[in-house]
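Step one of this worksheet: look at the structure below.
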Amino acid sequence: MSHIGIDAPAVEVRALVRDFRTRGGPPRRALDAFDLTVAPGEVHGLLGPNGAGKTTLCKILSTILLPTSGSAAVHGLDVVADAKRVRPLLGIVFGGERGLYARMTAAQNLRFWAALYGLGRREGRRRAAELLDRVGLAPRADEPVETFSRGMKQRLHLARGLVGDPRVLLLDEPTVGMDPVSAHEFRDLVESLRAEGRAVLLTTHDMAEAEALCDRVSFIDGGRLLRCEDPRVLGELLSRHERVRAAGVPAALAERIAALPGVERVRETGPGAVLVETDRGGAALPVLRTLVEAGVTDVSTAPPTLEEVYLHLIGERGMAVRP
Amino acid sequence: MNAIAVLRQTMWSGWTDLRIVYTPTTWAFGWMVRVLCQVVFYSTLGSLLGDPERTRYLLVGAAVFIAANETMMASASTTWERLSGTLALLAAAPAGMVTVLAARSWFWIATGTVSSSIALLALAPVFGLGLGAGEAAAAVALVFATALTNYAVGLCCGSLSLRFHRMRNVFSNLVLLTMTAFGGVVVPVSFWPTGFQWFAAAFPAVHGLEAVRLAVGGAPAAAVLAAVGLAFATAAGWLAVAAASLWWFQRDARRTGSIDFGD
Ligand SMILES: Nc1ncnc2c1ncn2[C@@H]1O[C@H](COP(=O)(O)OP(=O)(O)OP(=O)(O)O)[C@@H](O)[C@H]1O
Ligand SMILES: [Mg+2]
């Protein structure tokens, strides 16, 4: 272990490019001149829409995919040249229910992976028990995984990712399909990982999750890094661009709402249905009041979508997205 | 790396897979009944021809090839790793995927030996093949050798099935068909033109079957051992190809991205 760069960043990605061959057409660029640095003990969010390149980055870091060009290193070790030494440093967790042996019990699954991460029999047993306890699965340790709920499988996934005592955790949409309670428990777990000094790269579509968990957030789209921000910027964007949806709104009322301060746009989404976009914190409130006073009851608010936040992020600094 | 621990865990994981295929009841009343029917069918053909020699030939051929048949299923079960979505995790683990993929389907060797031996020993008296205790024990040992060596062939097909997933059923079926047709199951290998004989000689199960025939026919031990030796020698070749092919699959996947998270 003496060769591992203790002072080196947990993850350092420079000018990373990955092209995929497509049938007939030109190669598809999944990552484009991507840069990223994650410090030890940092929880770093990677936020981006579908197809942004998040999983591609995780796959390159986990040594199962080669970059087309550029470099990626984990604690100073190159993921291509030093793949063998990188692997023991990493824990990999991806969302969904796959990646577990359904017929084996939770404990057996963990013992299996413990062996693959170089632990002996007794050590593996101990680590498995410890981790099951940590993710709250100890009472179900000896039941086959196929009898588990989705959330329980997710927690087992997380335990599996920790079996090799990794310095860096790659979490690729780990909360997909988790209920809010599980997702909340998951956040506590990530907090404790940070407290143990492990670096976490957390991939997600969920802006609220990124805001709550991360020390820094990188926005990725079309394989490019748009911005790397403090998550508070994200929280501010979320509240500033809150939206109001309403049905049964007469045209005259819609016009009145459009004239309210802080209302950016009123879009008609169907006959009498509107979507009000705001661009100032607190602007949603007078919109709601006006609607309710006019007798409209089918009203709801929602945070902006990731795409809208992206547009605002890009718009603010005039950064152009690749076509 | 702690290869023993990896092997032990892998074998356990494979064993739990077997329970997807059979419960003890479905094994006894589904699979074993099928096996016995198949062997009875072939042997009866011999009886109908009124040729006791031919009857015994067919009996041994059909019974021993059950072991080959069953170990060829290693081809399919190698790809089950994709079903559980663990391929990417194996590729990213320090121990790598080759040991796991190579060892996970071992249980077919066990079940193949058992079903093939039961068929041979239970039906031998029915179709006039007298076996002494020593011969019976030798036959079981040689059936095991056949299953063990043919596993390498199944593994080879399995690694190709992983790589060429769309053709996953083609390889093992093609090999099994060739072995059954030219491998001395129904008619002796020497029945076929020389080119085919050479071809048949590449398959361990063909030599394993020959060894069983020699042993139950009372041939000298040296002759039996020579046949077994050929089975292991050819198996070593298949194993080398299988290992190379698994390495190739892993390396290739890294380049093309054909292993995804969740695969
Ligand atoms: N093996 C592959 N072959 C061809 N194209 C690929 C391959 N893997 C990924 N891509 C393409 O690369 C781009 C990035 O995909 P990636 O899976 O990294 O996105 P993502 O950000 O993880 O998306 P999601 O949020 O949907 O998981 C997509 O356009 C995708 O179609
Ligand atoms: Mg993804």
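The values are calculated or read from the model by the stated rules, or taken from the named source; none is laboratory data. Model, not experiment: these values are computed from the prediction. Neighbour counts run over all protein chains shown; Cβ positions are idealised from the backbone, glycine included.
Taking (1) part of a strand (DSSP E or B); (2) in contact (Cβ under 8 Å) with a residue 60 or more places away in the chain; (3) more than 12 Å from ligand 1 (Cβ to nearest atom) in turn, A:Leu31 satisfies each apart from (3).
Are any residues in segment A:108-121 closer than 17 Å to B:Asp17 by Cα and crowded, with 21+ Cβ neighbours inside 10 Å, and if so, which ones? Scanning segment A:108-121 gives A:Asn109, A:Leu110, A:Arg111, A:Phe112, A:Trp113.
Annotation note: of A:Leu275, A:Leu260, A:Leu253, the sole residue that is part of a loop (DSSP other than H, G, I, E, B), surrounded by 15 or more Cβ atoms within 10 Å (Cβ to Cβ), without any contact (Cβ under 8 Å) to a residue 60 or more places away in the chain and on the phi < 0 side of the Ramachandran plot is A:Leu260. Residues that are free of Cβ contacts under 8 Å to residues at least 60 places away in the same chain and either touching a Phe, Trp or Tyr at 6+ places or on another chain (Cβ under 6 Å) or hydroxyl-bearing (Ser, Thr, Tyr) (or both) within segment B:186-238 comprise B:Ser190, B:Trp192, B:Thr194, B:Phe196, B:Ala200, listed in sequence order.
The condition of being in the same structural domain as A:Ala283 (by TED's automatic domain parsing), away from ligand 1 (no atom under 14 Å from the Cβ) and of a type in the set (Asp, Glu) holds for only one of A:Glu211, A:Glu236, A:Glu255, that being A:Glu255.
Each row is one residue, and each column tells you yes or no for (1) under 30 Å from A:Glu146 (Cβ atoms); (2) of a type outside the set (Gly, Ala, Ser).
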{"position": "B:Tyr42", "(1), (2)": "no, yes"}
{"position": "B:Gly46", "(1), (2)": "no, no"}
{"position": "B:Gly50", "(1), (2)": "no, no"}
{"position": "B:Arg56", "(1), (2)": "no, yes"}
{"position": "B:Thr71", "(1), (2)": "yes, yes"}
{"position": "B:Thr86", "(1), (2)": "yes, yes"}
{"position": "B:Leu90", "(1), (2)": "yes, yes"}
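Do we have A:Leu16 as over 15 Å from the mean Cα position of the chain (by Cα), surrounded by 15 or more Cβ atoms within 10 Å (Cβ to Cβ), within 26 Å of B:Ser258 (Cα to Cα) and not polar (S, T, N, Q) here?
Numbers: over 15 Å from the mean Cα position of the chain (by Cα): yes; surrounded by 15 or more Cβ atoms within 10 Å (Cβ to Cβ): yes; within 26 Å of B:Ser258 (Cα to Cα): yes; not polar (S, T, N, Q): yes.
Spelling it out, A:Leu16 is indeed over 15 Å from the mean Cα position of the chain (by Cα), surrounded by 15 or more Cβ atoms within 10 Å (Cβ to Cβ), within 26 Å of B:Ser258 (Cα to Cα) and not polar (S, T, N, Q).
Only a single criterion out of (1) in contact (Cβ under 8 Å) with a residue 12 or more places away in the chain; (2) within 16 Å of ligand 1 (Cβ to nearest atom); (3) surrounded by 18 or more Cβ atoms within 10 Å (Cβ to Cβ); (4) over 16 Å from the mean Cα position of the chain (by Cα) is not satisfied by A:Ile64, namely (1).
Taken as a whole, the structure leaves A:Gly124 outside the set of residues that are in a helix (DSSP H, G or I), in contact with a strand residue (DSSP E or B) (Cβ under 7 Å, 6 or more places away or on another chain), within 14 Å of chain B (Cβ to nearest Cβ) and crowded, with 21+ Cβ neighbours inside 10 Å. Among the residues of segment A:35-54, those identified as buried (at least 20 other Cβ atoms within 10 Å of the Cβ) and within 11 Å of ligand 1 (Cβ to nearest atom) are A:Leu46, A:Leu47, A:Gly48, A:Ala52, A:Gly53, A:Lys54. For A:Gly45, the test of being touching a Cys at 6+ places or on another chain (Cβ under 6 Å) and touching a residue at least 12 places away in the same chain (Cβ under 8 Å) is passed.
Residue-wise test of (1) modelled with pLDDT of 95 or more; (2) within 20 Å of the chain's Cα centre (by Cα).
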| residue | (1), (2) |
| --- | --- |
| B:Asn173 | no, yes |
| B:Thr180 | no, yes |
| B:Gly217 | no, no |
| B:Leu225 | yes, yes |
| B:Leu230 | yes, yes |
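Within the group A:Phe219, A:Phe186, which residue is more than 14 Å from chain B (Cβ to nearest Cβ), under 12 Å from the mean Cα position of the chain (by Cα), aromatic (Phe, Trp, Tyr) and not in a loop (DSSP other than H, G, I, E, B)?
Working: A:Phe186 fails: under 12 Å from the mean Cα position of the chain (by Cα).
A:Phe219 is the lone residue from the list that is more than 14 Å from chain B (Cβ to nearest Cβ), under 12 Å from the mean Cα position of the chain (by Cα), aromatic (Phe, Trp, Tyr) and not in a loop (DSSP other than H, G, I, E, B).
Candidates are the residues of segment A:278-306 that are in contact with a His (Cβ under 9 Å, 6 or more places away or on another chain) and buried (at least 18 other Cβ atoms within 10 Å of the Cβ); the one that is modelled with the lowest pLDDT is A:Leu306. Any idea which residue in segment B:251-263 is nearest to ligand 2 (Cβ to nearest atom), counting only those that are more than 9 Å from every other protein chain (Cβ to nearest Cβ) and closer than 18 Å to A:Lys84 by Cα? Within segment B:251-263, the match that is nearest to ligand 2 (Cβ to nearest atom) is B:Asp252. State which residue is nearest to A:Leu46 (Cα to Cα) when the search covers only segment A:93-113 and only residues that are within 8 Å of chain B (Cβ to nearest Cβ) and modelled with pLDDT of 95 or more. Filtering segment A:93-113 for residues that are within 8 Å of chain B (Cβ to nearest Cβ) and modelled with pLDDT of 95 or more, the one nearest to A:Leu46 (Cα to Cα) comes out as A:Trp113.
Determine which member of the set B:Phe203, B:Phe196, B:Phe232 is surrounded by 14 or more Cβ atoms within 10 Å (Cβ to Cβ) and farther than 21 Å from B:Tyr57 by Cα. Full working, then the answer.
Details: B:Phe203 fails: farther than 21 Å from B:Tyr57 by Cα; B:Phe196 fails: farther than 21 Å from B:Tyr57 by Cα.
Being surrounded by 14 or more Cβ atoms within 10 Å (Cβ to Cβ) and farther than 21 Å from B:Tyr57 by Cα holds for just one of B:Phe203, B:Phe196, B:Phe232, which is B:Phe232.
Name the single residue, out of those in segment A:47-82 being near ligand 2 (Cβ under 10 Å from one of its atoms) and within 14 Å of chain B (Cβ to nearest Cβ), that is modelled with the lowest pLDDT. Once the filter is applied, the top-ranked residue is A:Gly51.
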